[in-house]
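For reference, the structure is listed below as structure tokens.
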Amino acid sequence: MEPTKELNELLTSTCEWLRGTGPENDIVLSSRIRLARNLSGYAFSERLEEARQRQLLDEVEKAVVSLPMLKDSYFFDYKNLKDLDMQFLLERHLISREHAADQGERGLAVSRNEVISIMVLEEDHLRVQVLQSGLNLIEAWRLVDKVDSALDKRLSYSFHESLGYLTACPTNVGTGLRASCMVHLAGLMMTKQVNKILQALSKLNLTARGFFGEGTQASGNFFQFSNQMTLGQAEEEIVDGLDRVMRQVIEHEKEARSHLVEKRRAKLEDQIWRAVGALKSARLMSSAETLGLLSLMRLGVDVGFIKNLSKKNLNALFLYMQPAHLQKLSSVTLKTAERDYKRAELLRTRLKDVELV
Amino acid sequence: MICNACGQNEATIHLTEIMNNQMVEVHLCESCAEQKGSDFKTHFDFNKLLASLSDIGVTGRDEAGEKLTCKTCSMSYEDFGRTGRLGCADCYRFFERVLTPLLKRVQRELRHVGKVPAKATGEMKWSVELRDLHERLKKCIAAETFEEAAQIRDRIHQLEERVKKSDKKQK
Ligand SMILES: [Zn+2]
Ligand SMILES: [Zn+2]
């Protein structure tokens, strides 16, 4: 029984990280906090027999649906999902690449507004995460803490007196908390200052990754910053630490943008309008090229060059241009070359109101 | 431009990667890029980390020279080195000899501060709170905020009394 209806509902709704609201949303797309939790009495996911995995999945599903705050949520059992569905959830940042690729029993609970999601049987039994639009780490922590406490009443977490919450990987032990912000640093990239920022981050025990694309690959000037350490610091402190650094990064990015607008305006205008021109007229568009051009377009909207394009509609393009979304929207399976054609078509249609001036 | 990975084919794919918080340009041919995409892991290299620990005399063996293994889930030290993942909660106990220096390298401290499950036994909760309180007390004394320090001391006494009582009950 494929959950087609539920997936289609997701397809037509705006997911949280693309709403384009929230503080500092011109630079910070979204804030996320996830907690790694394991249940006592079960081996960690990778070493758990399939029958026990099933048991755990059922136990968690029961606990999740009984939570008032997750009453109307979707619960996906992966044995009912196709590869394309999994890719689709991955593109919406509801699940991790690892969770999509793993074998064995797995599941996912998602609240209707896609703010709360719980991966079941990822590397850890539970990965509870909350997403917020813009820079909103404090609120994300408040909410994920609440969900976690509610689950804690119904499940028995694996906890060690001095090491805290036990996790499959020792890099997550303690709080099991990973806080991250997805940022668009187009200004710092163009002024070639990103490496300076990244180096400063490592001194503060923060890590940077590319946000779109595989693994560590950075594309379209999007980055994900997160805390590295999980043991020895309370949750609020970790969250607060990242929040403070993010505010500084935002300041630097703002400075870089106004420098570009004031001192290198012609060059900037040229780059942005060329991107718009390509997006509005190309017949074949790869996802990598699209990402780079959309990044420029986003900058154009943020600095006020481009009118008639709402943040929400712009953000939707980042989602819809990805392979699984593109195929779900057109209800057909497409090969790479066909996708490039469809993608170009989608961009032209959706950007038709943006005028070339 | 020649592929960075195989050094033979023409590079057609140009990536920007972040390695150790540093942006690096990588140029790959199509087949190398494909390979990279499939086996790429973002986690860090545990084998390397464990090897660096053996330089300071930490090995995957106990005092008797036996290889460390988890008696509960039978995870071996090699498995752990290869995947960087432990097999079960008890692995933390069986691999303690290696995990302690490893955690020292990758984490801030060796002791958890922060949230505690509601179901953690009363004592466990108290001991975590007690530790927090002692730390705060130290800070207060250093900062000479004596009023707060006095309050913290009261709470410590209170908790210690409770721990004593529950110890008696258990006996
Ligand atoms: Zn090659
Ligand atoms: Zn074990």
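The values are calculated or read from the model by the stated rules, or taken from the named source; none is laboratory data. The model shown is predicted, which means the values in this text are computed figures rather than measured ones. Positions of Cβ are backbone-derived with ideal geometry, glycine not excepted, and every protein chain shown enters the neighbour counts.
List of remarks:
- Residue check for A:Glu236: assigned to a helix (DSSP H, G or I) and free of Cβ contacts under 8 Å to residues at least 60 places away in the same chain: no
- Within region A:288-312, the only residue that satisfies the criterion of being closer than 22 Å to A:Leu10 by Cα and touching a Lys or Arg at 6+ places or on another chain (Cβ under 7 Å) is A:Lys312.
- The residues on offer are B:Phe95, B:Phe46, B:Phe80, and the sole one that is crowded, with 19+ Cβ neighbours inside 10 Å, at pLDDT below 80 and more than 16 Å from ligand 1 (Cβ to nearest atom) is B:Phe46.
- Here is the figure for region A:5-56: residues that are among the hydroxyl-bearing types (Ser, Thr, Tyr) and crowded, with 18+ Cβ neighbours inside 10 Å total 4.
- Conditions (1) within 14 Å of another protein chain (Cβ to nearest Cβ); (2) under 24 Å from B:Asp90 (Cα atoms): number failed by A:Asp145: (2)
- Subset of region A:1-24 [assigned to a loop (DSSP other than H, G, I, E, B) and over 14 Å from the mean Cα position of the chain (by Cα)]: A:Met1, A:Glu2, A:Pro3, A:Thr12, A:Ser13, A:Thr21, A:Gly22, A:Pro23, A:Glu24
- Scope region A:1-43; condition over 17 Å from A:Ile118 (Cβ atoms) and either in contact with a Lys or Arg (Cβ under 6 Å, 6 or more places away or on another chain) or within 16 Å of ligand 2 (Cβ to nearest atom) (or both); matching residues: A:Leu11, A:Gly20, A:Ser40, A:Gly41, A:Ala43
Residue-wise test of (1) in a strand (DSSP E or B); (2) surrounded by fewer than 22 Cβ atoms within 10 Å (Cβ to Cβ).
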position	(1), (2)
A:Asp85	no, yes
A:Ile95	no, no
A:Glu123	no, no
A:Leu131	yes, no
A:Lys146	no, yes
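- Residue count for region A:126-160 under the criterion of being of a type outside the set (Asp, Glu) and under 20 Å from A:Leu242 (Cβ atoms): the result is 19.
- Only one of A:Gln248, A:Gln327 that is assigned to a helix (DSSP H, G or I) and assigned by TED's automatic domain parsing to the domain that holds A:Ile27: A:Gln248
- Flag for A:Ile118 being in the same structural domain as A:Val64 (by TED's automatic domain parsing) and part of a helix (DSSP H, G or I): no
- Selected residue (criterion: farthest from the other protein chains (Cβ to nearest Cβ)) from residues of region A:168-189 that are over 24 Å from B:Leu130 (Cβ atoms), outside any strand (DSSP E or B) and in contact (Cβ under 8 Å) with a residue 40 or more places away in the chain: A:Gly187
- Answer from A:Ala43, A:Ala36 - the residue that is part of a loop (DSSP other than H, G, I, E, B), within 30 Å of B:Lys119 (Cβ to Cβ) and modelled with pLDDT of 95 or more: A:Ala43
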